[in-house]
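The structure appears right after this line, and notes come after that.
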Amino acid sequence: MQPSKPFPLTAFPPILREFIREASASIGCHPGYVALPLLANLAAVIGNKRVIRLKRDWTEPAVIWGAIIAERGEHKSPARRVVKQFLDRDEDEDELKYISDDATFAGFRDCLADQADSRMLLMPDELAEILYSLGRGSQSMKKGHWLSCWSAEALRVHRGNKKPLKIPRAAVSIVGGIQPATFKDAILKERHLQDGLCARFLLTYQTQAQPVKWTNKRILLKTKRQMQQLFNRLLALPSDEETDKKHVRPRPIDFANGFTKQIWVDFYNRHNRQTYRLKDKDPDLAAAYVKLGAYAARIALIFQMVHSARKKSSSGQRVVISAVALTEAIELVEWFKSEATKVYALLKETPAETERRSLVELIHRNHGNVTARELMRKSSRYNTEQKATAALTDLAQHKLAKWRTVPAGKQGGRPTRRLVLATKPTKLKTTIRPARKKPRRRPK
């Protein structure tokens, strides 16, 4: 599996960038584990009030589906909770419900129908609840309904003898965590590659190279206040209503000028050339690339609304998609492309390839090298020296690692055979760099 690219923290607007940096440092998790829930929460806040208009007959809504793929104990849940606090506080003071942890259709359909904005954010404890439950049982939501929610389309549900439930624009964002093996099993068993559901998810899959260390770092109170103010301003966005005064009609946001439109056109053409080349090589990944093109527009809409909400003097001004917001969104989507490539390779792994990858990840956590005896102590799967040596030799034969002989020390003993990975273990890195301190001037 290809190594992870540095997370593009600089692609986010300043207030989001600071929150992601402080939250991930405080929790001890990858920045992407905070960024994905944050995008989904912001999408739920904007809801159907705004859409980005790419041309007269093509708009994209503020809907984000995200999957955090990570093993147990990698702080997926704390990352979601630290973002959820801003909407939870508003729900306590408002009758409207923004977040639901119920993966069944019956659990949130009435809330969706009663709200004028008809938007919702699903944040289940485990994303597997949704992936395994689609179309199963009378309380489940059919796959076609879910696909309609990703596009914020009209949703009509028949309820037996009751009057059919009609929602003009069902904008449902989803974000959750799931373990790699469970994700692979759910996607393949439920045929989510074929039905297009998997292609609609923004994915992130990271492997921890080093154990999490205790830190006294925390989210600054100033940052929390700024984030809460941002959410409050987005929730207070004025909306257009339909003639029946019941449901919201989205207000389209256009590109600021021809220069910004050209940035989109250049990205669109370049991105579709990449997608076209993938069609024969990996059609499933190509399908995900198609949706990632739409996500560039959706994220640009979210980023622009964040930029506008942060400006105190923008209340009466017309909002347009700036070149800055669009460029930020494109940079982030390029990173999600690399993540999708990793995850789709995971879905196509054979059992032998999965075992090799798991072993490589284990050795990464052991500073990139291991002996057969050390492997025996670290994994019960290789409980004999013969099994451990055979597994390590298999990695060397596939050029994933090399054997090195460490000579005996000064106290004597035998030389030790140690397997060293071909790539060094990577530490958690981002593309943001701390500001350099100015050198102090020496007194004359």
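Quick rundown of the values:
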| quantity | calculated |
| --- | --- |
| Efficiency of FRET from Cβ geometry, His158 and Glu331, R₀ 45 Å, rounded to 0.05 | 0.55 |
| Listed pairs Lys5/Lys387; Lys5/Lys143; Lys76/Lys291; Lys291/Lys311 exceeding 27 Å between Cα atoms | Lys5/Lys387; Lys5/Lys143; Lys291/Lys311 |
| The range 226-344, accessible surface, carbon-and-sulfur percent (1.4 angstrom probe) | 50 |
| Cut-off 14 Å (backbone N to label point 7 Å along Cα→Cβ of Asp254), residues of the range 321-351 | 321-322 |
| The range 233-293, accessible area per residue, ligands and nucleic acids excluded (1.4 Å, Å²) | 61 |
| Order by protection proxy (mean Cβ within 10 Å, highest first), peptides 13-22, 52-61 | 13-22, 52-61 |
| For Ile52, distant residues with modelled amide H under 5 Å away | Glu60, Ile253 |
| Calculated FRET efficiency for the pair Arg191/Gln411, C-beta based, R₀ 56 Å, to 0.05 | 0.40 |
| Separation in nanometres of the label points that stand 7 Å from Cα toward Cβ, at Lys166 and Thr182 | 3.9 |
| Derived scalar couplings ³J(HN,Hα) [the range 359-376; Karplus, 6.51 cos²θ - 1.76 cosθ + 1.60; whole Hz; x for Gly, Pro] | 5, 4, 5, 5, 5, 4, 6, 9, 6, x, 8, 6, 9, 4, 5, 5, 5, 4 |
| Val265 accessible area, assembled protein chains, probe 1.4 Å, Å² | 50 |
| When each of Lys55/Lys348; Lys49/Lys84; Lys279/Lys348; Lys84/Lys348 is checked by Cα-Cα distance, pairs over 25 Å | Lys55/Lys348; Lys84/Lys348 |
| Gained length - Ala25 relative to Ala236, 0.36 nm times residue gap less alpha-carbon distance | 72.9 nm |
| The range 179-234 versus the range 341-390: alpha-carbon centroid distance in Å | 25 |
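The values are calculated or read from the model by the stated rules, or taken from the named source; none is laboratory data. Note that the coordinates shown come from a computational prediction; the quantities given were computed from them, not determined experimentally. Please note: Cβ atoms are built from the backbone with ideal geometry, for glycine as well, and neighbour counts cover all protein chains shown. Just the protein is used for accessible areas: all its heavy atoms, side chains included, with ligands, DNA and RNA removed. Shrake-Rupley method; radii C 1.70, N 1.55, O 1.52, S 1.80 Å.
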